Ligand SMILES: Nc1ncnc2c1ncn2[C@@H]1O[C@H](COP(=O)(O)OP(=O)(O)OP(=O)(O)O)[C@@H](O)[C@H]1O
Ligand SMILES: [Mg+2]
């Protein structure tokens, strides 16, 4: 146990150093790409709490990112709030929305829950257009510009904090209850764990992360409109999660890298049909790594045990 | 003295199947009670109803004199009722210690009772079947319940392991002052440890009494022969 803690700490420190010096070696354009990786990482951390740890599938996490993104955008554009201060608020608003959604969603499991969350993500752009007075409708909202390096350090500081917070939460009895419900719901219930409480809580925590990621998207693109959070974003998040590994927080980095760079790479390989290349690579990766890249690492680890 | 656990006239159906048909039975404080019956008799359903995982269609459930019907499933353990499952339900991604700590505050003490303290750091998924069954029992004990419901604790165990299980069940009563309600197909085990035995067949209670009484009851013999034929 303490050896794992030592390994995790060492890994975290090394990774933090790499992240800190990386901008010195890459162009400003690439710094923005890596800032996006940090943002997706935050979103995947949250999705991991929901799917990887508490076993609930969401195909609509882009909607909770959108709630966070619009919360920040409205506060910045309409109320002149400094953008950094809107980040925690965006997390809280989206987290509240997650709690509100998680409660009725308790009645849904598996595929039905996935479909319900998908419906939310599909409906969101229409909602954003309808409340034009706040959201700016299709024209969107224009925000403050920042340098790419500033965005890079902002998103990665938050990603680092998000990772630590995630580890902390999951190490408490709350995290243990999530895992218990995922591993055996009947045994968890008979051990005194309320599925309603913890499943809703997982939705809230997960949406909090999504809201923060959405806020970062708004701040880094300095603009939001209904297409900033398309339905494909939700689907990419799920694939990124599976690739990074269900139930491994650091593994989510791998998923985040995939989400950011796969579309660019696919477009590079084939100008005509980038989606085909994307699809082929995704299927290939999922087939090769059932349980995700982190699942593979865990296999390697456990084979070393006595 | 009133019984600790009272099941009164409980029925439960699943579609056309009547899994429990007006079943009444009880278990006293510090008593070891066996619950036997052919496959599909309703034994596991009874456990699921008592632990509130299933709602009874009718009937009453009382524990220590108070109804269980207003207690949600996740509060049952706080009322003093803990259980194990026929198909071992462990938290496979957790260690043995984490498993029993989910069970309650006295997890470490429970590991000592079942003799698993040396394996506390092992991953539950990595353990052999009989050890997994003991982890499950320890998890049930971790809340310091007043009664444990054991669903086929001897399932899949070899002769020696069953002997050890019998000793362990007796110790639960003497050392931890628990009541035990045990579902088993292993007749030597139930008859050996139980003070009283209830017999279910097709959702009805067809007999109750001491092991000797039940063993010689014509209705019981009939139920078992009928199911074997
Ligand atoms: N969730 C369920 N849905 C539908 N039918 C069920 C359900 N649970 C139990 N049954 C049915 O109720 C009847 C009683 O089942 P139960 O599992 O209680 O029997 P049992 O006495 O525990 O049998 P065994 O000794 O084989 O474990 C069976 O016909 C079973 O198929
Ligand atoms: Mg059964």
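We did not get these values from a lab; they are worked out from the coordinates using the rules stated. If you're wondering where the values come from, they're calculated on a predicted model, not measured in any experiment. Counting neighbours? That spans all protein chains shown, and the Cβs are built from the backbone with ideal geometry, glycine included.
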- Filter segment B:52-68 down to residues that are within 13 Å of ligand 1 (Cβ to nearest atom), within 16 Å of the chain's Cα centre (by Cα) and in contact (Cβ under 8 Å) with a residue 40 or more places away in the chain, then give me how many there are. 1
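So that you can scan it fast, the table gives a plain yes or no per residue for (1) farther than 18 Å from residue B:145 by Cβ; (2) within 15 Å of ligand 1 (Cβ to nearest atom); (3) away from chain A (no Cβ under 14 Å):
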| position | (1), (2), (3) |
| --- | --- |
| B:11 | yes, yes, yes |
| B:41 | yes, yes, yes |
| B:45 | yes, yes, no |
| B:70 | yes, no, yes |
| B:73 | no, yes, no |
- Check on residue A:196, within 11 Å of another protein chain (Cβ to nearest Cβ), farther than 15 Å from residue B:101 by Cα and in a helix (DSSP H, G or I): yes
- Message: With the requirement that a residue be under 13 Å from residue A:55 (Cβ atoms) and within 7 Å of chain B (Cβ to nearest Cβ), what does segment A:176-185 give you?
- Response: A:179, A:180, A:183, A:184
- Query: Is it true that residue B:84 is more than 10 Å from chain A (Cβ to nearest Cβ), buried (at least 23 other Cβ atoms within 10 Å of the Cβ) and in contact (Cβ under 8 Å) with a residue 12 or more places away in the chain?
  - Reply: no
- Message: I need the strands (runs of 3 or more DSSP E) fully contained in segment B:1-115, keeping only those with at least 3 residues that are more than 16 Å from ligand 2 (Cβ to nearest atom) and over 30 Å from residue A:247 (Cβ atoms).
- Response: B:5-14, B:17-27, B:58-63
